[in-house]
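The values are calculated or read from the model by the stated rules, or taken from the named source; none is laboratory data. Just so you know, these numbers come straight off a predicted model, no measurement behind them. We place every Cβ from the backbone using ideal geometry, glycine too, and count neighbours over all the protein chains shown.
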Amino acid sequence: MIDYLRIQHDMVMALKSTNKLHESLEIILEHALQLEVIDSGAVHFVDSETDELTFITCKGFSQEFQNHLLGLKEPTHVMKQAMTDDPAIRRKSDLIQFELNSSCVSENQGTILFLPIRSKGKTIAIMSVSSHSEEEIPLPVQMVLETIIAHLENIIARTRVEYQLNLMAQMRKQLSEMSTRFIDMDSEKTDDEVKTALKTIGELTGADKTGIFMLSDDHMYANVTHSWSAVENEHDVRCFYDFAVGNNSWWLNELLKGETFCINSVDDIPSEAIIERKLLQETNTKSLLVVPMIYHGRILGNLCLFYSTVINRTDEFLRVLRMMGEVFANALEHKRKDDEIKDTAHKYKTIFEQIHDVYFEIKMDGSILNISPSIKDHIGFEPEELIGTSIIDIFAHPERKLDILQNLELTGGIKDYIVKIKKKDGDDIYVSANAHLIYSSNGNIEKIVGMARDVTKIKMIEKMSVEAKLLLENASNTKNEFLSIINHELRTPLSHVMGFSEVLMDNKGQPLTSQQLKYVQYIRSASKKLFDLLTSLNHIAEIESGKMELEITEFSLSPLLSEIQKITSSMASKKNINIMFNTSIPFDNIIGDRSKIKTILINLISNAIKFTPDGGEVVVDVEQDDKRDLHFIVKDAGIGISEENMKVLFKPFIQLEKTLDRKHEGAGLGLALVKEFIDILRGDISVYSQVGMGSTFKFTIPENEFDGNRNINCVSKSIKQANC
């Protein structure tokens with residue numbers, strides 16, 4: 001008794017040894033023939049669109065019958081029944097009515113079972129097994145065959161997936177290689193690389209022909225620039241296109257849409273497109289893929305793939321193909337531009353050299369063979385005065401001859417080589433020389449030819465630029481040194497003046513008269529302003545020299561705001577201005593530079609007080625967001641800032657109130673210093689203001705920029721254009 005389970009088990013184990021479709025099918029047929037009454041079998045693939053058959057493999061048939069199966073291109077009547085119904089069983093007596101009668105008799109086929117293999121509801125293959133007997137195929141055998149069909153469906157489905165995956169992997173690899181090859185490619189190689197890529201794409205995708213169609217700038221016509229055909233001497237893509245494209249043709253209109261489209265039948269083409277329909281038929285084209293070639297939103301043309309069979313491509317396949325079209329578009333457009341640039345450069349170079357530059361020919365010993373008339377415009381010598389003499393005679397540094405000759409012999413030429421030349425009047429000029437060696441037919445060096453260009457002005461500009469840079473650096477250093485000296489020499493005396501004035505003001509033993517107290521208060525106020533100015537100047541100098549340091553600490557905001565309120569209240573009280581501090585939370589454990597935040601707020605509040613009318617109000621809001629960034633808002637009801645003044649608001653030594661006859665004091669450093677400190681703290685500041693309506697300054701200090709107590713050597717980005 002036949003062990004069906006063993007046969008199935010052996011088949012499954014054998015299938016694990018291969019992942020090739022043809023080998024898997026042969027294993028299945030080999031084990032099917034071990035079943036009771038099964039003597040032979042075959043497998044055909046079926047095109048789901050056209051029902052066309054493709055013979056794959058068979059077992060148990062004579063060579064003559066194998067040839068018959070190989071030539072079978074369309075399903076027989078019995079096969080068609082099996083494709084639409086359940087497995088079909090036909091006996092020899094039944095087959096007489098249909099087909100294969102003589103073949104079946106010669107092969108002694110009594111019963112044939114046609115088993116459809118389906119995928120996604122469509123018949124994709126037919127497996128036929130036959131028996132010499134006309135007896136009914138036993139039910140256990142049919143059940144095993146159904147299991148085999150299930151294996152076949154899985155194998156074919158897996159193979160198709162693997163094919164698609166492999167195809168897409170190869171397509172992506174080709175896309176990557178194309179992109180790499182076409183980057184910075186010499187335009188002279190582009191055409192050959194495009195043709196090679198078309199061949200590779202055609203072979204990968206199974207296309208019969210591939211081609212690139214480029215549109216004219218006015219989109220009135222197009223022509224094939226590159227094409228490939230799988231079969232030699234076959235009607236190629238160019239033949240098709242020469243016929244199909246014309247003004248207002250259907251084909252040209254489709255090209256201009258810039259969309260990928262696929263034609264799988266002549267019937268997909270409108271009936272009025274007579275020429276296109278005819279040529280698709282004459283060139284045996286059943287399927288056509290048209291992929292737009294787009295460069296920066298502009299349609300340059302199309303990549304087309306022609307197939308003699310009906311195709312079914314995935315969206316991913318079309319996406320990759322579209323990217324290939326874009327690579328072609330970039331490569332061909334860059335080639336066109338490069339060719340234009342080369343042509344233009346060649347024209348202007350020739351004109352320029354003929355008019356201005358000096359052409360020369362010299363021997364290896366330095367004697368001048370020939371030199372262009374333009375030499376007189378540069379150094380005053382006529383060509384006849386120099387021909388026959390040594391080029392070394394006009395070198396300002398003759399010892400450089402050896403260096404030039406060594407460069408020529410090692411590399412075969414020199415490029416942009418700077419040489420100082422003596423003029424006839426004794427002055428010197430700089431020339432940039434380009435030269436190369438000319439060899440005789442026997443391989444010996446015959447002469448040196450080249451062009452020389454006067455670059456004296458360029459060298460002078462370079463020299464002036466270096467000198468100007470040095471002057472600027474020296475001026476900056478001098479300024480910083482001056483500020484440092486001023487700060488050092490004045491700060492100590494001013495501190496003494498301020499201290500003694502406070503002593504005089506607080507003297508309880510010998511009180512000052514009202515007049516004396518007024519003078520002492522004036523002395524202290526003026527000293528304090530001058531001291532603050534020195535402090536601001538010192539900060540500016542430190543920032544410009546890159547020596548400003550951050551002092552990051554953890555602090556509480558409430559005491560800081562109290563200090564600021566105490567410092568600014570004196571100035572505010574003189575104008576009867578109320579300062580309001582609004583804070584929603586205590587703001588403990590703040591990480592940042594306490595001193596600089598304090599300076600920023602004092603300057604902004606002082607500025608607000610300065611420009612707020614008597615009896616007004618200055619409001620300071622402090623907020624903290626989820627990221628623990630601090631937001632400070634200083635609002636006043638002052639004179640406001642014009643749009644023109646906004647542009648110079650944060651520049652040092654700029655006084656906006658100069659148009660107001662300097663009613664408000666100040667050196668113009670406060671806001672400049674505010675901006676520099678905020679930049680150093682990696683923060684941002686914004687201003688909203690209207691003339692007559694007051695101003696609102698808002699600045700943000702990001703806390704997450706600082707992760708602890710540390711010093712950072714930082715340069716202001718607005719002056720040095722650098723970050724910490």
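When the range 31-55 is limited to residues that are surrounded by fewer than 19 Cβ atoms within 10 Å (Cβ to Cβ) and touching a helix residue (DSSP H, G or I) at 6+ places or on another chain (Cβ under 8 Å), the one that is modelled with the lowest pLDDT turns out to be 51. Name the single residue that is nearest to the chain's Cα centre (by Cα) among those in the range 441-460 being over 18 Å from residue 367 (Cα atoms) and surrounded by fewer than 11 Cβ atoms within 10 Å (Cβ to Cβ). Looking at residues that are over 18 Å from residue 367 (Cα atoms) and surrounded by fewer than 11 Cβ atoms within 10 Å (Cβ to Cβ), I get 457.
Residues of the range 402-421 being crowded, with 16+ Cβ neighbours inside 10 Å and either among the β-branched types (Val, Ile, Thr) or over 38 Å from the mean Cα position of the chain (by Cα) (or both), which ones? Walk me through it before giving the result.
Taking the range 402-421 as the starting set, the residues that turn out to be crowded, with 16+ Cβ neighbours inside 10 Å are 404, 408, 414, 417, 419, 421.
Residues satisfying the conditions are 404, 408, 414, 419, 421.
Does residue 486 satisfy the condition of being at pLDDT 80 or above and among the hydrophobic types (A, V, I, L, M, F, W, C)? Here the answer is no, as residue 486 does not meet what is asked.
Determine whether the range 488-510 contains at least one residue that is touching a residue at least 24 places away in the same chain (Cβ under 8 Å) and either assigned by TED's automatic domain parsing to the domain that holds residue 610 or within 23 Å of residue 674 (Cα to Cα) (or both). Break it down stepwise before answering.
Quick first cut of the range 488-510, residues touching a residue at least 24 places away in the same chain (Cβ under 8 Å) only: 490-491, 494-495, 497-498, 501.
Next cut, either assigned by TED's automatic domain parsing to the domain that holds residue 610 or within 23 Å of residue 674 (Cα to Cα) (or both) only: 491.
Yes: one or more hits.
Select from the range 1-60 the residues that are part of a loop (DSSP other than H, G, I, E, B), under 24 Å from residue 311 (Cβ atoms) and either among the aromatic types (Phe, Trp, Tyr) or in contact with an Asp or Glu (Cβ under 8 Å, 6 or more places away or on another chain) (or both) and list them in ascending order. 51, 52, listed by residue number. Exactly one residue out of 632, 611 is within 24 Å of residue 536 (Cα to Cα), of a type in the set (Phe, Trp, Tyr), buried (at least 19 other Cβ atoms within 10 Å of the Cβ) and out of contact with any strand residue (DSSP E or B) (no Cβ under 7 Å at 6 or more places or on another chain): that is 611.
Here is a yes/no grid of residues against (1) outside the structural domain of residue 287 (by TED's automatic domain parsing); (2) out of contact with any His (no Cβ under 9 Å at 6 or more places or on another chain); (3) of a type in the set (Ser, Thr, Tyr); (4) not in a helix (DSSP H, G or I):
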site	(1), (2), (3), (4)
152	yes, yes, no, no
157	yes, yes, no, no
174	yes, yes, no, no
177	yes, yes, no, no
188	no, yes, no, no
210	no, no, yes, yes
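Part of a helix (DSSP H, G or I), closer than 22 Å to residue 698 by Cα and modelled with pLDDT of 85 or more: does that describe residue 567? Working first, answer last.
On the way: part of a helix (DSSP H, G or I): yes; closer than 22 Å to residue 698 by Cα: yes; modelled with pLDDT of 85 or more: yes.
It is true that residue 567 is part of a helix (DSSP H, G or I), closer than 22 Å to residue 698 by Cα and modelled with pLDDT of 85 or more.
Consider residue 568 carefully, then state whether it is in the same structural domain as residue 633 (by TED's automatic domain parsing), over 52 Å from the mean Cα position of the chain (by Cα) and among the polar types (S, T, N, Q). Answer is yes for this residue.
Residue 299 passes every criterion in (1) touching a Pro at 6+ places or on another chain (Cβ under 8 Å); (2) hydrophobic (A, V, I, L, M, F, W, C); (3) under 18 Å from residue 210 (Cβ atoms) apart from (3). If the condition is being free of Cβ contacts under 8 Å to residues at least 60 places away in the same chain, over 18 Å from residue 30 (Cβ atoms) and surrounded by 20 or more Cβ atoms within 10 Å (Cβ to Cβ), then the range 114-161 contributes 114, 116.
Filtering 542, 551 for residues that are charged (D, E, K, R), modelled with pLDDT under 90 and assigned to a helix (DSSP H, G or I) leaves a single hit, 542.
Scanning the range 651-662 turns up no residue that is at pLDDT 85 or above and out of contact with any strand residue (DSSP E or B) (no Cβ under 6 Å at 6 or more places or on another chain).
Would you check which residues across the range 386-398 are farther than 19 Å from residue 447 by Cβ and out of contact with any helix residue (DSSP H, G or I) (no Cβ under 9 Å at 6 or more places or on another chain) and list them? Can you show your working first?
Keep residues of the range 386-398 that are farther than 19 Å from residue 447 by Cβ, which gives 396-398.
Residues satisfying the conditions are 396, 397.
Out of all the residues in the range 458-472, is one or more charged (D, E, K, R), at pLDDT below 80 and farther than 30 Å from residue 414 by Cα?
Going through the range 458-472, the residues charged (D, E, K, R) turn out to be 459, 462-463, 467, 469.
Then keep just the ones that are at pLDDT below 80; that gives none.
Taking every residue of the range 458-472 in turn, none turns out to be charged (D, E, K, R), at pLDDT below 80 and farther than 30 Å from residue 414 by Cα.
If you go through the range 401-449 and keep only what is acidic (Asp, Glu) and part of a loop (DSSP other than H, G, I, E, B), you end up with 425, 427.
Take the range 570-607 and flag every residue that is surrounded by 15 or more Cβ atoms within 10 Å (Cβ to Cβ) and farther than 25 Å from residue 649 by Cβ. If the condition is that a residue be surrounded by 15 or more Cβ atoms within 10 Å (Cβ to Cβ) and farther than 25 Å from residue 649 by Cβ, then 587, 590, 591, 594 are the ones that fit. Regarding the range 32-43, can at least one residue be identified that is within 30 Å of residue 265 (Cα to Cα), in contact (Cβ under 8 Å) with a residue 12 or more places away in the chain and under 58 Å from the mean Cα position of the chain (by Cα)? Checking the range 32-43: at least one residue is within 30 Å of residue 265 (Cα to Cα), in contact (Cβ under 8 Å) with a residue 12 or more places away in the chain and under 58 Å from the mean Cα position of the chain (by Cα).
Taking the range 544-589 as the region of interest, how many residues are under 13 Å from residue 605 (Cβ atoms) and β-branched (Val, Ile, Thr)? Summing the residues that are under 13 Å from residue 605 (Cβ atoms) and β-branched (Val, Ile, Thr) in the range 544-589 gives 5.
On inspection, residue 102 fails the criterion of being of a type in the set (Ser, Thr, Tyr), assigned to a helix (DSSP H, G or I) and modelled with pLDDT of 75 or more.
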